[in-house]
Amino acid sequence: MTSHALNRDTLLALEDDALLRQCRQETYRASGPGGQHRNKTDSAVRLSVMDGKVMASCSDHRSQHRNRSEALRRLRITLAIELRRPIKTQKWSGAWDLGRKDRRYAGFLAHVLDTLAAHDWAVGLAADGLGISTGKLIRTLARDPQAWNAVNKGRAQLGLVNLRRP
């Protein structure tokens, strides 16, 4: 594991297998309700990168493979939401209609949040920088509850009012 030398954007660009090689992986037996259908094996998965600074886990499924896949998707989203980087260019060159399960979505989300942070979470200025309307940016953020909360958290730290859902 050499993930401490890799930055967020490099990690997000990796294919799933390459990203998994950068992760510390743990399997465990999840607790909770479920009776006879509850996991009786160590099928829950926890992944961490960057020396444990960013973590994601999943215990939703009985299959360790499915849990690992979902934990990896969650790890990408967590990297995108929690880590800010300076932006080189503001405009996003890819598609704006990526689904949350698309592997490229985390990179897209990271870019949008970096642009917002660079503009002190002012949605109008960030939308101009991204080359889209303010309404489209707000609708894009509103589709993802984690992104919405991250933006409002950033705005609150600067004393700005929370965004209202469209």
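The values are calculated or read from the model by the stated rules, or taken from the named source; none is laboratory data. Everything numeric in this text was worked out from a predicted model, so none of it was measured. FYI the Cβ positions are ideal-geometry reconstructions off the backbone, even for glycines, and counts take in every protein chain you see. In case anyone asks, the SASA skips ligands and DNA or RNA and just uses the protein heavy atoms, side chains included. Shrake-Rupley method; radii C 1.70, N 1.55, O 1.52, S 1.80 Å.
Considering only Val45, Leu158, Pro86, and ranking their Cα positions along the charge dipole of the chain that arises from unit charges at the beta-carbon of Lys, Arg, Asp and Glu, the one farthest toward the positive end is Val45. Give me the net charge for the shell around Leu113: Cβ to Cβ below 10 angstrom, other residues only, Lys and Arg +1, Asp and Glu -1. Spelling it out: positives minus negatives among the neighbours equals 0. For Gly124, neighbours were defined as the other residues whose beta-carbon sits under 13 Å from its Cβ, and their charges (Lys and Arg +1, Asp and Glu -1) total 0. Fully extending the segment from His61 to Leu14 would add 14.5 nm, taking 0.36 nm per residue of separation and subtracting the current Cα-Cα distance. Extents of the range 63-105, largest first, come to 41, 22, 10 Å (Cα atoms, principal axes, whole angstrom).
Rounded to a whole number of µm²/s, how large is the Stokes-Einstein D of the chain at 37 °C and 0.692 mPa s, given Rh as the Kirkwood radius over C-alpha pairs? Show your work: numbers first, answer last.
On the way: Rh = 17.1 Å.
So the translational diffusion coefficient is about 192 µm²/s.
Within a straight-line Cα-Cα reach of under 26 Å, Lys153 can be paired with the following lysines, leaving aside sequence neighbours fewer than 8 residues apart in one chain: Lys53, Lys88, Lys91, Lys101, Lys136.
Between Ala44 and Tyr28, Ala30, the built amide H atoms are under 5 Å apart, and every one of these is 5 or more places off in sequence or on another chain. Rolled with a 1.4 Å probe across the full set of protein chains, the surface gives Arg73 an accessible area near 60 Å². Remark: the chain carries a charge dipole of roughly 400 debye about the Cα centre, counting +1 on each Lys and Arg Cβ and -1 on each Asp and Glu Cβ. Other residues lying with their Cβ under 12 Å from the Cβ of Val54 contribute a combined charge of +4, Lys and Arg counting +1, Asp and Glu -1. Of Ser48, Ser93, Ser57, the residue with the largest accessible area leads and the full order is Ser93, Ser57, Ser48 (1.4 Å probe). Global size of the range 101-166: 11.0, 33 Å for Rg and Dmax (C-alpha atoms, Rg to one decimal, Dmax whole).
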